Amino acid sequence: MDNRTAGLLEFDKIRDSVCVLTLSSEGYSELGNQDLLINSGELSDFQELITQFRRILESDETFPSVNFPEIKQLIPICRKEGTSLSGTELRSISNFIDSAGKIRKFIVSSKLPDIDNLVAAAEKIPDLSKIVLSINKVVNSRGLIRDDHPELRNLRKGLGNLNNKISSLSSSYMSDNKNIWQTDVPSQKEGRIVLPLKSNFKSRVKGIIHDISSKGTILYIEPFDILELNNKIALQEHEISIIANRIFRELSAELRKNIEELIYLLKTFTYVDTLLARAKFSILNNCTRPEISKGIINLNGARHLLLGDAAVPIDVSLESDVQVLIITGPNAGGKTVSLKTVGLLAMMHQFGLQIPVDEGSSLPVYDGIYADIGDNQSIGEALSTFSGHMKNIAEILDRSGERTLVLLDELGSGTDPGEGAAIAMSVLDGFIQKGSVVLTTSHHSLLKNYGYTREHVLNASMEFDENSHMSTYRVVSGVPGDSHAIDIARQSGISDKLISHALDYLKNKETESGRMIAELEKKHRAAALHEASLLERENSLRAQIRENDLKDLRVRQSENQLKKMRNIESWKFLSEARKTLENLVKELREGELTREKTKKVKSFINAMDESLKKEREKVEDFTFSNPDSLNPESIIPGMDVLVGEYRRPGIVVRKNKKNNWIINTGALNLAVGTDQIYPAPLNKSNKNFGVSLEVVRAENSAKFSLDLRGFRLEEALVVITRQIDNALMSGLVEFNIIHGKGEGVLSTGIHKFLQKDPSVKEYHFAHPEDGGFGKTIVQLKE
């Protein structure tokens, strides 16, 4: 990590805010010393650990109460043979081991799915509960040997008796002759009980004087009978101290046998502690895990965390073939902030943090991230602003390579504009030859032209509102920006007279690049509108194609049904014809009948039977075919279908093994083969979502309630998506979602989904009453 760049981008402030979220001082130190990850595989694995830890923290599982005293400095003392830790130090080690075990159990015993990587990391924390038991059995929470210890029980009891005797004797002294004592409360000098005797009564009490007050009016005397008791107490305390020190040495020796395991516990827990701090940071700052890309920068809704609520989300996109992005635009328009945002998020990403962007964002992994931002003037080194920048850029050029991100603010400024622009273009050529990715800001018109003529270079600008004459702080790719110096000067308080004078100068010296930029901005806006129109038309055509396909399918179904009915009618007709012919034969037999006539009639009947048999076979063959089943390639999650022989309505959830699909049909999820899946009718108002649907009649509107209790999150989101589509088509603007108590994975996932859905106007959670289930009330945009 380049420390200068970290300071310029204020990454050190972000790192400090993560460090304070650790549980232990050891974790704080370890996190502060960790470097950026430059291997894509290692970073991906590390980010997965943060994602899994965040999943646990956002679940309903209760985080344990822990206490992590600082113990790293005690390890060298304990390792040295013959040394002894104090009771307080032993208890600190015990508390650390116990708390590390609680964190291990919290992770390993979690019932959440897909956290195997984090569980494996936690399981590396060794179980040293035997050490905790051996220490806590002897040492109490204050670091003292417990009162009930067998070796000290009698000694402490005897010490208590001596203290009671000396207290009683002192009280008798001071109550018998109250006038000779300064107060009625004994004092202590060097651990011994003494009495405050007035100096004019010094002959009244025999004993040893330990101290005299500053004015000489009080003598702190130890009467001889109290002296004897003080001596006994001192001997008793010394004996207790000898036994206590021996016990502490024994415990320290026992701990020394497991010192390597203790060191390993400290190392493995500290690693988990740094993961925990990163997960907490991601939750507190509403961060998202970006994808790791190969050369593509795609930041959607990127926010600079240090700006707080004042941060304006920006979108920055660079394809893999773009090496240089030149950002132009007005002063105070957000160019430098945009530059810092990209650099800071890149460093946060490779530090293993999730970053404040929208879903779908991605970043590459860089070997180095370097920045030259701000005024580099130095009087001590005789460096001007321009020469200071050039010195830093020269150092960055020497250190850059193919996987390097470089951020240059106001490249080529601080000197003659023509020469500065030439140097800037030459420097950018140098970075392109090295394969580096560069984001730079500038006001030079020549650099804007360079962005159009140079391969692997892209222009961008900070959007400017022509009506308010203010920057919107949004990045527009593909178009260079005007500096809008006149507008900025007017907003900054320059008089109208001077502004008018400046405009006169500008009319005579307006450059071709300014007109070109204005024309390009118009074309860019027109292209954006045309693209939106094409997208709308494409969606309309897709819907029409889908509708036509379903119409064609229904026509084929009708044709097959008509064929079946025709065959049945033919069978009926032939049966009646057969009966007619049999009657005819009977009549012929009653009249004059020849053998030849009888033979012809029988032949006719046999032919009719054969034709009838063939028609029956056609009907039977039709009965066992499925001409209306869906093409397996057209089945996608979330679509409405009919399943089984009885055409039961359901929703496709996901593809299962053995070419089956999981279909939600209400209370059940069924595994269904593709030959048993049929298209649903077009009438969306009659869809079955697989959940209970309650219609409540109000004055002029209907409110729907989706009961999603017991659903998995992915299934619930499918149902909610379909309900939003139906509601928008039918004009419904409000419906309810019944789920949980507002704190579980399902509730949290639903709220995050609603927050990002563009069709949702607002939503709020109604807390459950009397132990029931809560519901979320959703309002859609009309």
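Laid out as a table, the results:
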read-out	value
Burial ranking of peptide ranges 282-291, 240-249 (average Cβ count within 10 Å, highest at the top)	282-291, 240-249
Region 186-243, relative contact order in percent, only Cα pairs under 8 angstrom and at least six apart counted	30
Cα gyration tensor shape for region 1-80, rounded if a/c is under 1.5, else prolate or oblate	oblate
Cα gyration tensor category, rounded, prolate or oblate, for region 34-128 with a/c compared to 1.5	oblate
Greater than 28 Å apart at Cα, pairs in K448/K497; K13/K124; K294/K340	K448/K497; K13/K124
Three-way shape label, region 416-465, alpha-carbon gyration tensor, a/c 1.5	oblate
Filter on K165/K232; K178/K202; K165/K198; K137/K267; K80/K257 - keep pairs with C-alpha separation over 18 Å	K165/K198; K137/K267
Accessible-area value, V745, 1.4 Å probe, nucleic acids and ligands omitted, Å²	70
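The values are calculated or read from the model by the stated rules, or taken from the named source; none is laboratory data. Note that the coordinates shown come from a computational prediction; the quantities given were computed from them, not determined experimentally. FYI the Cβ positions are ideal-geometry reconstructions off the backbone, even for glycines, and counts take in every protein chain you see. To get the accessible areas, we keep the full protein, side chains included, count just its heavy atoms, and leave off ligands, DNA and RNA. Shrake-Rupley method; radii C 1.70, N 1.55, O 1.52, S 1.80 Å.
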